[in-house]
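What follows is a short report on a single structure.
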Amino acid sequence: MSEHTTGPLQGRRILVTGASKGIGAAIARAVHRDGAEVAVHFNSDRTGAEALASELGDRVHLVHGDLSTREAATQVWSAASSAMGGVDTLVNNAGAWIASPLEAEDARADGNEAWAEGWDANMQLNLLSAADLCREALLTFREQGEGAVINMTSRSAHRGDDAEHLAYGAAKAGLLSLTKGIARGYGHLGVCAYAIAPGWVDTGLAAGAVSDEVLAGLPLREVTPPEDVAELVAFLASSRARHLTGSTIDVTGADYVR
């Protein structure tokens, strides 16, 4: 692609976490198409990240980091900022639907340990790393006088999740509250913050989890394409509706309507 690509995001420098596949890859494609420079963060799927970078061409930088560890967020931010000469939009997309069972599957195992491990893993990946990246963004954006944070939450943040994933819903609810707090506390410094709450999305996270019975009960009779979420992110990143800051936008195909 030409370095002279124009669009509503020309000149924007966007960090997308968890961008090697699924929603994250769709977001990277959409914002890159609209002219942004993109830092594609990945953890285990280097092959996917490299394939995406090859597909998109220029204005793409690969950033590795394991956000299941506390120290990784600062390293990811630093690497993205160094590669692009700064960051003005953070998209916290990385996450996983991690179980937090009341009891271990093996009756001989420690049920308390299984529960605690599930909560620790969910809080770290789905909330704390995102919060640490938000902190890095706020420290930068307040000096720049502008910036945007777009956090990927979930319908689970509103309604809770199932019995095996209580911690996931709680972590996503925490991220939702964090987004609102950022919007309220830093708007006067030019920082906008938005939350997107998808339902079932056609990605690896939902693979095998949507039965034919569930699919038949969805109003649109299909799970959400990741591109629907990506187009919303591209719009929010463009500053075309700054007064949406603090909002949570549901993308569920009317499966969950508040």
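Using the Karplus relation 6.51 cos²θ - 1.76 cosθ + 1.60 with θ = phi - 60°, the per-residue 3J(HN,Hα) values for segment 83-88 come to 5, 9, x, x, 9, 10 Hz, with x marking Gly and Pro. The length gained on full extension between residue 258 and residue 46, counted as 0.36 nm times the residue separation minus their Cα-Cα distance, comes to 72.5 nm.
Once neighbouring chains are kept in place and the probe is 1.4 Å, which whole percent of the accessible area of segment 90-246 is contributed by carbon and sulfur?
Numbers: 3810 of 7500 Å².
Carbon-and-sulfur percentage of accessible area, whole number: 51.
3J(HN,Hα) along segment 241-257: 8, 4, 7, 7, 3, x, 7, 10, 10, 7, 10, 10, x, 6, 5, 10, 10 Hz, from the Karplus curve 6.51 cos²θ - 1.76 cosθ + 1.60 with θ = phi - 60°, whole Hz, x for Gly and Pro. Peptide packing for 7-14, 226-233 was compared via the average number of neighbouring C-beta atoms within 10 Å per residue; ordered from the highest value, the list is 226-233, 7-14.
Residues of segment 78-121 falling in the label zone of residue 227, defined by backbone nitrogen less than 19 Å from a point 7 Å along Cα to beta-carbon, are absent. Could you please state, rounded to a whole Å, how far the C-alpha centre of segment 43-75 is from the C-alpha centre of segment 142-206? Centre-to-centre (Cα) distance: 21 Å. Sparse packing (at most 11 other Cβ atoms within 10 Å of the Cβ) combined with a DSSP loop state is found for the following trypsin sites (Lys or Arg not before Pro) in segment 44-96: 70.
Per-residue ellipticity at 222 nm from helix content only, as computed over the chain with -39500 (n - 2.57) for each DSSP H run of at least four residues, stands at -13000 deg cm²/dmol.
Sorting 160-172, 240-252, 33-45 by average packing, meaning the other beta carbons within 10 Å per residue, from highest down gives 33-45, 160-172, 240-252. In this calculation the C-beta distance from residue 242 to residue 110 is compared with R0 = 30 Å, giving a FRET efficiency of 0.05. Take each peptide in 214-223, 127-136, count the other Cβ atoms within 10 Å of every residue, and average; sorted highest first, the result is 127-136, 214-223. Residue 239 sits among other residues whose Cβ lies under 13 Å from its own Cβ, and their net charge, with Lys and Arg +1 and Asp and Glu -1, is 0.
The values are calculated or read from the model by the stated rules, or taken from the named source; none is laboratory data. In this text the structure is predicted, and so the values were computed from the model without any measurement. With ideal geometry, Cβ positions are generated from the backbone for all residues, glycine too; neighbour counts draw on all protein chains shown. Protein only, heavy atoms only, side chains kept; ligands, DNA and RNA dropped before computing areas. Shrake-Rupley method; radii C 1.70, N 1.55, O 1.52, S 1.80 Å.
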